[in-house]
Amino acid sequence: MSEKIYQFNSLIYSSEVGKGGAYIIFPYDIREEFGKGRVKVQVDFEGVPYEGSIVNMGVKDRDGNICYIIGIKKDIRNRLNKEIGDTVSVKVQERKDD
């Protein structure tokens, strides 16, 4: 398990699946960083904690590169007064398995 904390800003993107879904892009290759393709993480969205996973859901950037994403729930966006297209400050750390 990595003890490293990743801090970055990300746009909030709209999910094409479901109603009101959204995600941020984790700007690192998780296979290089963690040695696996799905990582359980603790996330801090501007002081609002969340436990989730970094995953590859088939999202690609403009150049066709794979993007690893983290969902950002609607209630978190509401608490932060953030909408699709806004920027959010994020801290991510790998979660310890209990």
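Quick rundown of the values:
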{"item": "1.4 Å probe accessible area per residue over the chain, in Å²", "result": "65"}
{"item": "Rg in Å to one decimal, and Dmax rounded to a whole Å, for region 41-98 via C-alpha atoms", "result": "12.6, 38"}
{"item": "Proximal aspartates and glutamates relative to Lys4, as straight alpha-carbon distance under 17 Å, when same-chain residues fewer than 8 apart are discounted", "result": "Asp29, Glu32, Glu33, Asp44, Glu51, Glu94, Asp97"}
{"item": "Rounded if a/c under 1.5, otherwise prolate or oblate - region 16-67, Cα gyration tensor axes", "result": "oblate"}
{"item": "Carbon + sulfur, % of accessible area of the chain - ligands and nucleic acids excluded, 1.4 Å", "result": "42"}
{"item": "Theoretical ellipticity at 222 nm over the chain - DSSP helices of four or more residues, -39500 (n - 2.57) apiece, nearest 500", "result": "-3000 deg cm²/dmol"}
{"item": "For Met57, residues with placed amide H under 5 Å, excluding near neighbours", "result": "Ile69"}
{"item": "Equivalent ellipsoid semi-axes - Cα gyration tensor, the chain, angstrom", "result": "20, 17, 12"}
{"item": "Per-residue HN-Hα couplings for region 60-73 [Karplus 6.51, -1.76, 1.60; θ = phi - 60°; Hz; x = Gly/Pro]", "result": "10, 7, 4, 8, x, 7, 5, 10, 9, 10, 10, x, 10, 5"}
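The values are calculated or read from the model by the stated rules, or taken from the named source; none is laboratory data. A quick note: this is a predicted structure, and the numbers were derived from the prediction, not measured. Remember, those area values only see protein heavy atoms, side chains included, never the ligands or the DNA or RNA. Shrake-Rupley method; radii C 1.70, N 1.55, O 1.52, S 1.80 Å.
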